[in-house]
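Asks: Have a look at this one.
Values in this text are rule-based calculations from the coordinates and carry no lab data. Bear in mind that the values here come from a model prediction, so they are computed numbers and not experimental data. Positions of Cβ are generated from backbone atoms using ideal geometry, with glycine treated the same way; all protein chains shown enter the neighbour counts.
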Amino acid sequence: MKPRLTVVSPKAVSGVRLPILEVRSLTKVFRSSHAPVKVLEEIDITAAAGELICILGPSGCGKSTLLKILSGFIPPSAGEMRLDDRPITRPGPERCVVFQEDALFPWLTVAENIAFGLRGKGKDRRAARREVDRFLSLVGLTPYRDYLPREISGGMKQRVALARVLILKPQVLFMDEPFASLDAQAREEMQNLLLSLWAKLSHTILFVTHDVVEAVTLADRILVMDKNPGRIRAEIPVALDRPRRRDDPEFIRFSRMLHDGLRGSGEGNLPGWP
Amino acid sequence: MNGSTLRNGLSGLLPWILPALFVLAWIIVSETGLAPTYLLPHPEAVGRAGFTYIFGDPGQGAYAGRFLSDAGASLFRVFMGFSLAALLGVPLGVLSGRTPAVRRLLSTSVNAVRAVPGICWLPLALVWFGIGFKTTIFLVALAAFFPIYLNAASGARGVDPLLLQAGAMMGVRRLRGTFAILLPGAMPSIMTGLRLGLGIAWAYLVLGELTGVPDGLGAVIMDARMLGRIDIIVVGIILIAVMGRMSDLILKFSLRCLFKSARRMT
Ligand SMILES: Nc1ncnc2c1ncn2[C@@H]1O[C@H](COP(=O)(O)OP(=O)(O)OP(=O)(O)O)[C@@H](O)[C@H]1O
Ligand SMILES: [Mg+2]
C-alpha cells in the first residue's frame, strides 16, 4: 500500500465537478525483441470537467505511452478508459493531442493548418473562416496567417498546434511536453497563453511534463509518476491562488518541496512531505 | 546596376554557359577542319537544315517542314506512355509504400522486371504489338513506370507517422487522410519520380521509333542515317534535347499549379 499524499497548500480545491475522463488499472506491456517490458502498471486517473492535470515524471517513465493510449493510437494491454462514459477505442477529435515534436503539415499555411480539422465537418466557408480568424487572434498569430510552418519559430509552431486542436472544441486536451523544446522565456509565454486560453475556454487538460515549475505553474492537480514500471506514485493538489506568480514565496516553497520530494524517488514515497 | 541584380543576371546566364561553350568548340573544330564535314557538319549547315526542317514548305526538300507532324507524333507517344506509367505507378507505389502486404506482393517481381534492360523488351513488343504506335507506347510506359513507382513508394513510406496521427486525432478518416496528408507528404518524392520517368520516357520513345515507324523525331534520325544526312541527325538530337527539357519544365509547372504541396515543398 502506497502512502497517499494529502493537501499541502492552505486552500483546498473547491467545488464538486463531474468526472469526464476515467482511467482504471491501465497497464501496458511492450513485447520487445528480448523480453516483455511492463511500461505502465495499474494507472488510475480521474479528471473532472475543466480540470488541468499535470503528469510529472522522469524521462522514460511512460508518459508519452500513456497519452498515446488515451488518444487511441495504441491499445492498452489491460485496463479500462472512458471519456464521458464512452469507452475509448480509437483516435478522435473529442480527444486532441498537442505533440512534443513539430507535427504541423508543412505544405499548409498557419491559417490552413488551423482550419484543417474543420474541413469535412460540414461548416460553411464563411463560418469556418470566422472561427479560424478568432483562434488566430486568440493565439496571437493573426499577422502570420499566411506563413508556412518552416518560416515561423518553434514557439509559434506550438501556438498553431494549440489553435488547430482548440478550434475542434475537444472534450479533453492531451499535451505531451509541448513546450519542452522552447527556451525559458518562450516557455513561460506559452504557459501564460495556455492558462489564459484555459480560463476562456475551460477545457479539460492532461498536461505531461518533467519540469516541476511548469507543473506547479499550470496544474490544479499533479500526478507524480514513477519509472520501471511506470505508475502513479502520488497525487498532489496544487491549491495556490491563480494567477500564480513564479516569484511568490508560497510558489517557491511549493516547488522546492515537490522538487526535493522527487529526488528521493524509488521508495514509492515522497520523503520530506508533510 | 547594384550587386544583387548583377548576381541575378549572372545566375540567369549560368545555364547557358555550357551550351555556348559547346557550340563554340563545335564552330572551332568545323572551321579548322579538325572534324570532316561527313562526320560533323558545320553548325551553319545544321542551322540551315534545322530551319528548313522546322519552317520549310514540304516541297522544298526531303525533310522540309516535317517538324510539326514529327514532334506532334512523338509528343503524343510520350504523353500516352508517360500517362499510363503515372496512372499505374503513383497509386501502386503509394499503396505499396503504406501497405506491407502489397509491398511484399509487388517488390520481388518489380525488382526482377526492373533488372531487365528495357531494350530487351523490344523484340517481344514487336512480336506482340507490331511496328509502331503500340510498341513505342509499351516501351515508354514500361520504362517510365519504375522510377515513378519506386519514388512514390519511398515517398509514401517516408511520410512522418506523426502527421498521420495528427490527422487521425483531428477526425480524418482513411480516404481523406490519403488525399489530404499522405499524397501531399509524399509529393516531393512523387514529383522526383515523375520527372525521372518523363526523362526516361523520351529515351525509350526514340528506341521505339527507331524500329521503323513513318513519323516522329526518332524515326527522322533513323531515316537520316540511312540517307547519310548527318545534319538532320544532329538537328533531331538537338530538338529531342530541347523538347525533353521543355516537357520537364511543363511537368514541373503543372504539378505546381495543381498541388499546393508541390508548390510549397519543392
Ligand atoms: N513501441 C515500443 N516498443 C517497445 N518499447 C517501447 C515502445 N515505445 C516506448 N517504449 C518504452 O517505453 C518506455 C517509456 O517510453 P515513453 O516514450 O512513454 O517515455 P516518456 O515518459 O514519454 O519519456 P520522455 O520524457 O523521454 O519523453 C521507454 O523505456 C521505451 O523504451
Ligand atoms: Mg515522451
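Asks: Going from the alpha-carbon gyration tensor of segment B:1-85, what semi-axes, largest first and in whole Å, does one get by taking the root of 5 times each eigenvalue?
Replies: Over the Cα atoms of segment B:1-85, the ellipsoid semi-axes are 31, 26, 14 Å.
Asks: What's the magnitude of the charge dipole for segment B:68-263 around its Cα centre, counting Lys and Arg as +1 and Asp and Glu as -1 at the beta-carbon? Answer in Debye, nearest 20. The partial results should precede the final answer.
Replies: On the way: 18 positive and 7 negative charges, 198 e Å.
Dipole magnitude for segment B:68-263 comes out near 940 debye.
Asks: To continue, here is another question. Would you work out which of A:GLN191, A:TYR144, A:GLN100 lies farthest towards the positive end of the dipole of segment A:92-200? Charges go on Cβ: Lys and Arg +1, Asp and Glu -1.
Replies: The one lying farthest along the dipole's positive direction is A:TYR144.
Asks: Within 10 Å of each Cβ of A:93-102, how many other protein chain Cβ atoms are there on average?
Replies: Working: counts 5, 2, 1, 4, 6, 2, 4, 1, 2, 3.
For peptide A:93-102, the averaged partner shielding equals 3.
Asks: To continue, here is another question. Over 33 Å apart: what share of the alpha carbon pairs of chain A falls there, rounded to a whole percent? Intermediate values should be presented prior to the final figure.
Replies: Working: 8271 of 37401 pairs.
Cα-Cα pairs in chain A separated by more than 33 Å: 22 percent.
Asks: Take the Cα atoms of segment B:69-165, build their convex hull, and give its volume per residue in Å³.
Replies: Numbers: hull volume 9.9 nm³, N = 97.
Roughly 102 Å³ of hull volume per residue.
Asks: Which net charge results for the neighbourhood of A:TYR144, defined as the other residues with beta-carbon distances under 11 angstrom from its beta-carbon, given Lys and Arg at +1 and Asp and Glu at -1?
Replies: On the way: positive: A:ARG145, A:LYS157, A:ARG159; negative: A:ASP146, A:GLU151.
Around A:TYR144, the charge tally is +1.
Asks: Do me a favour and compute the ellipsoid semi-axes for segment A:53-209 from its Cα gyration tensor, root of five times each eigenvalue, largest one first, whole Å.
Replies: Numbers: eigenvalues 127, 78, 39 Å².
Semi-axes (√(5λ), whole Å): 25, 20, 14.
Asks: Another question, if that's okay. Taking 8 Å as the Cα distance limit and 6 or more residues as the minimum spacing, I'd like the relative contact order of chain A as a percentage.
Replies: Details: 488 pairs, mean separation 75.2, N = 274.
Averaging sequence separation for qualifying contacts and normalising by length gives 27 percent for chain A.
Asks: Got the relative contact order for segment A:15-149 handy, in percent, Cα pairs under 8 Å and 6 or more residues apart?
Replies: Numbers: 161 pairs, mean separation 28.9, N = 135.
For segment A:15-149, the relative contact order is 21 percent.
Asks: OK, next. Can you run the Rg to Rh ratio on segment A:43-145? Use alpha carbon positions and the Kirkwood inverse-distance Rh.
Replies: Working: Rg = 16.7 Å, Rh = 16.4 Å.
Value, to two decimals: 1.02.
Asks: A further question on this structure: Let's see if you can work this out: charge +1 on each Lys and Arg Cβ, -1 on each Asp and Glu Cβ, no other charges. What is the dipole magnitude of the protein assembly as shown about its Cα centre, in debye to the nearest 20?
Replies: Details: 63 positive and 43 negative charges, 243 e Å.
In debye, rounded to 20, the protein assembly as shown gives about 1160.
Asks: Counting Lys and Arg as +1 and Asp and Glu as -1, each charge on the Cβ, what is the dipole of segment A:71-164 about the Cα centre in debye, to the nearest 20? If you can, show how the numbers build up before the last one.
Replies: Details: 17 positive and 12 negative charges, 73 e Å.
In total the dipole reaches around 360 debye.
Asks: Any idea what % of Cα-Cα pairs in segment B:1-157 are farther than 26 Å?
Replies: For segment B:1-157, the fraction of Cα-Cα distances above 26 Å is 60 percent.
Asks: Springs between alpha-carbon pairs under 10 angstrom, Gaussian network model over chain A: which of A:PRO76, A:PRO229, A:PRO36 fluctuates most?
Replies: So, out of A:PRO76, A:PRO229, A:PRO36, the one fluctuating most is A:PRO36.
Asks: Using the reciprocal of the averaged 1/r over all distinct C-alpha pairs, how large is the Kirkwood radius of the protein assembly as shown in Å? Each step should come with its number before you reach the end.
Replies: Values: mean 1/r = 0.0352 Å⁻¹.
Over the protein assembly as shown, the inverse of the mean reciprocal pair distance is 28.4 Å.
Asks: I'd like the mean, over residues of B:228-234, of how many other protein chain beta carbons sit within 10 Å of each residue's own Cβ.
Replies: On the way: counts 0, 0, 0, 0, 0, 0, 0.
Other-chain Cβ atoms within 10 Å of each residue's Cβ, averaged: 0.
Asks: Between segment A:80-94 and segment A:204-248, what is the C-alpha centre distance in whole Å?
Replies: 24
Asks: Pick out, from B:THR108, B:ILE233, B:LEU18, the residue whose Cα sits farthest towards the positive end of the charge dipole of chain B, with +1 on the Cβ of Lys and Arg and -1 on the Cβ of Asp and Glu.
Replies: The listed residue farthest towards the positive side: B:THR108.
Asks: Still on this structure: Among B:TRP128, B:GLN60, B:THR37, whose Cα lies farthest out toward the positive end of the dipole of chain B, if unit charges sit on the beta carbon of Lys, Arg (+1) and Asp, Glu (-1)?
Replies: B:TRP128
Asks: If the viscosity is 1.567 mPa s and the temperature 4 °C, what Stokes-Einstein diffusion coefficient in µm²/s follows for segment B:68-263 when Rh is the Kirkwood radius over Cα pairs? Before the final figure, lay out each step's value.
Replies: Details: Rh = 18.0 Å.
My calculation gives 72 µm²/s for D.
Asks: Which pairs in the list A:LYS63/A:LYS157; A:LYS123/A:LYS169; A:LYS157/B:LYS260; A:LYS157/A:LYS200; A:LYS38/A:LYS68; A:LYS28/A:LYS121 are over 25 Å apart, alpha-carbon to alpha-carbon? Mind showing how you got there, number by number?
Replies: On the way: A:LYS63/A:LYS157 22 Å; A:LYS123/A:LYS169 14 Å; A:LYS157/B:LYS260 20 Å; A:LYS157/A:LYS200 21 Å; A:LYS38/A:LYS68 15 Å; A:LYS28/A:LYS121 34 Å.
Beyond 25 Å: A:LYS28/A:LYS121.
Asks: Report the Cα-based extents of segment A:119-230 along its three principal axes, largest first, to the nearest Å.
Replies: That gives 49, 29, 26 Å along the principal axes, largest extent first.
Asks: Still on this model: Based on the Cβ-Cβ distance from A:TYR147 to B:LEU10, what FRET efficiency comes out when R0 is 25 Å, to the nearest 0.05? Can you show the working numbers first?
Replies: Working: r = 30 Å, r/R0 = 1.22.
Efficiency at R0 = 25 Å is approximately 0.25.
Asks: Just A:ARG95, A:ARG130, A:ARG256 to compare: in a GNM of chain A, with alpha carbon springs under 10 Å, which one fluctuates most?
Replies: Maximum fluctuation in the GNM of chain A, among the listed residues, is at A:ARG130.
Asks: Continuing with this model, one more query. Where Rh denotes the Kirkwood radius from the mean inverse Cα pair distance, what is Rg over Rh for segment A:104-169? Working shown, then result.
Replies: Values: Rg = 10.7 Å, Rh = 11.5 Å.
Rg divided by Rh gives 0.93.
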